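> Take this structure first; my questions come after.
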Amino acid sequence: MKYTLKFRIWHWLNAIVILGLLGTVFLRKTFLSYKANAEILMSKLSAMGTDIAVEDAKILAKAIRAGMWEWHIILGYALAFLVIYRIFLFFGDESKKEDFASLNIHKKAVKISYYIFYAVILFMTISGFAIHFYQEIGFSKESVGALKDMHELVYNFILIFVPLHIAGVVFADAKEEHGIVSTMINGKTKENF
C-alpha cells in the first residue's frame, strides 16, 4: 500500500505529538511528581533549618513542573488539530482504501486496533479540553475529577498501543510487508526502488 504525502505528514506529526504527550506524562509521574518533590523540598529545607507545611511544599513542587505541564497543554492543542485533520483525510483523501472484507484476519485485527486508537485519541482530546476548560464549561470539581480519572485510565491504551505499533511495523517490514517502513517515510513502495 502506498501512503499519500498528506497521510504521511499526519502520521509523523501525530507520532511526535503523542510521544511528546507521553513524555510529559512520564515526567509528571516520575521526576516531576509533585508528591515526591514536595517531600524532597521539605526534607532539604528542614536540613537547612527551614520548616514548611506539606501544602506549601506541594505548591512549590507544582510550580517546578508548571512549565513542563504547559507543553502538555500545547501538545494537546496540536493533537486536537491532528484529530480534525485525520477526520478530513478519512473522508477526503483519495488514497487507496482497502476493502475490509477482503483482508485476512490479522489485517482485520490491525485495522480494528487503528480504529480503536483513533477513538481513544478523540476521547483523549475531548476529555483533555474538558479538564482544561472545566470552569468555562461549567463542570464541578467532582465531575472533572471523575473525567480526569477516565482520561488517565484511557491513557494506558496509548501507552500499550505505541510500542506494539512500532514492534508490529518492524516485524511486518522484516517478515511480511517488505518496504512498509520506507513507504511511510518516503511514499515509495518496494517496487519503486
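> On each of the three principal axes of the Cα atoms of the range 33-105, give max minus min coordinate, whole Å, ordered largest first.
That works out to 71, 28, 15 Å along the principal axes.
> Rank these for me by crowding, Phe26, Phe129, going from fewest to most other beta carbons within 10 Å.
Listed from fewest to most nearby Cβ atoms, that is Phe26, Phe129.
> For volume of the Cα convex hull per residue in Å³, the listed values are (1) 159; (2) 119; (3) 200; which was obtained by calculation from the structure presented?
Of the labelled values, this structure produces (1).
> Here is a follow-up. Students often check this: by mean Cβ neighbours within 10 Å, which of 79-86, 27-34 ranks highest, and how do the rest follow?
In descending order of packing, they fall as 79-86, 27-34.
> Given a Förster distance of 41 angstrom, what is the FRET efficiency for Leu5 paired with Ser46, based on the Cβ-Cβ distance and rounded to 0.05?
0.10
> Restricting to DSSP H runs of at least four residues, report the calculated mean residue ellipticity at 222 nm for the chain, -39500 (n - 2.57) per run over all residues, nearest 500 deg cm²/dmol.
Values: 6 runs with 148 residues, N = 193.
It lands at -27000 deg cm²/dmol.
> Over its Cα atoms, what ratio of radius of gyration to 2.2 N^0.38 Å does the range 1-71 give? Before the final figure, lay out each step's value.
Working: Rg = 19.1 Å, N = 71, 2.2 N^0.38 = 11.1 Å.
Cα-based Rg divided by the globular estimate yields 1.71.
> Considering only the other residues whose Cβ falls under 15 Å of the Cβ of Leu60, what net charge follows from Lys and Arg at +1 and Asp and Glu at -1? Let's see the in-between values first.
Numbers: positive: Lys35, Lys44, Lys58, Lys62, Arg65; negative: Glu39, Asp51, Glu55, Asp56.
Residues near Leu60 contribute +1 overall.
> I need the peptides 39-51, 149-161 ranked by packing, meaning the mean over residues of other C-beta atoms within 10 angstrom, with the highest value on top.
Sorting 39-51, 149-161 by mean packing, highest first, produces 149-161, 39-51.
> To the nearest 0.05, how large is the calculated FRET efficiency for Ser33 and His165 if R₀ is 22 Å and r is the Cβ-Cβ distance?
Computed FRET efficiency for Ser33 and His165 comes out at 0.20.
> When N is the residue count of the range 98-193, what does its C-alpha Rg come to as a fraction of 2.2 N^0.38 Å?
It is 1.49.
No value in this document is a laboratory result; all are computed from the given coordinates. Values in this document were obtained by computation on a predicted structure and should not be read as measured data. Glycine also receives a Cβ, built like all others from the backbone with ideal geometry; neighbour counts cover every protein chain displayed.
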